[in-house]
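Note sheet for the following structure.
What follows draws every value from the coordinates through simple rules; no lab data is involved. Everything numeric in this text was worked out from a predicted model, so none of it was measured. FYI the Cβ positions are ideal-geometry reconstructions off the backbone, even for glycines, and counts take in every protein chain you see.
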Amino acid sequence: MSLLRIYHYPEPVLARPAAPVTLFDEALATLARDMAETMYAAPGIGLAAPQVGVSQRLVVIDCAGKEAPPALIVAVNPQIVAREGSVCEEEGCLSVPGYYTAVKRDAKVTVNFCALDGTPRQIVAEGLLAVAFQHEIDHLDGILFVDRLSPLKRGMFKRRYKKMLEQQKELL
């Protein structure tokens, strides 16, 4: 297993829709293991393959929390098939480090996906897990959480983020 590079906004791979996975092989399993290790090390609660430069529909999610045992979900070709309710929670993203903002999401989602061996699965997710699935599936569609902001807030984000990146470069 190895840690993977996490791509940051505005790298092009983050804005492209990912291709469906068609080959359920050892390479896919290795990618999923490396993504999980990278997510835990970051630390984060979710990671999509495009965030590590792989344009495939694969996500790893673990919302168990630091004190609980790991509850890793590996979802291949995930698709939201039902939505309910509405929540507005603060989100962050490993691909947009240092920036957090409230994003409106569905409170409950039903997600169809495949396990690493190709077996069809379904999960009904609420709370943080529902938000995480929506956030990671957005990555598979080339959408970042900041793309869900109003035009005014998105403009403010872009200016603030550009300034933050310039300050980081000055420190290097």
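Fewest to most neighbouring Cβ within 10 Å: what's the order for HIS139, HIS8? Could the numbers behind the result be given before it?
Numbers: HIS139 25, HIS8 15.
With the sparsest Cβ surroundings first, the list reads HIS8, HIS139.
Dipole check for the range 12-171: with +1 at the C-beta of Lys and Arg, -1 at the C-beta of Asp and Glu, and the Cα centre as origin, the magnitude is about 820 Debye.
Size descriptors for the chain: radius of gyration and Dmax over Cα atoms are 15.9, 49 Å.
Which value in Å is the Kirkwood Rh of the range 1-91 over different Cα pairs?
Values: mean 1/r = 0.0701 Å⁻¹.
Here the Kirkwood hydrodynamic radius works out to 14.3 Å.
Multiplying the residue separation of ASP25 and LYS104 by 0.36 nm and removing their Cα-Cα distance gives an extension gain of 24.8 nm. When the helices of the chain are scored as -39500 (n - 2.57) per DSSP H run of n ≥ 4 and the total is divided over every residue, the value at 222 nm lands at -10000 deg cm²/dmol.
The distance linking the range 138-152 with the range 108-126 is 23 Å (Cα centroid to Cα centroid, whole angstrom).
If r is the Cβ-Cβ distance from LEU3 to ARG83 and R0 is 35 Å, what FRET efficiency results, to the nearest 0.05? Let's see the in-between values first.
Values: r = 34 Å, r/R0 = 0.97.
Result of the calculation: an efficiency of 0.55.
Couplings 3J(HN,Hα) of the range 5-13, computed from phi: 6, 8, 6, 10, 3, x, 4, x, 4 Hz, in residue order, whole Hz [Karplus 6.51 cos²θ - 1.76 cosθ + 1.60, θ = phi - 60°; x for Gly and Pro]. For the range 10-85, applying the loop criterion from DSSP together with a ceiling of 10 other beta carbons within 10 Å to the GluC sites (Glu not before Pro) yields GLU67. Think of the range 1-112 as having a plus end and a minus end, set by charges on the Cβ of Lys, Arg, Asp and Glu; of SER95, ALA49, PRO10, PRO10 sits farthest toward the positive end of this dipole. For the chain, complete DSSP H runs whose alpha carbons reach 18 Å or more along their own long axis and whose mean Kyte-Doolittle score is -1.0 or higher are 26-41, 127-140.
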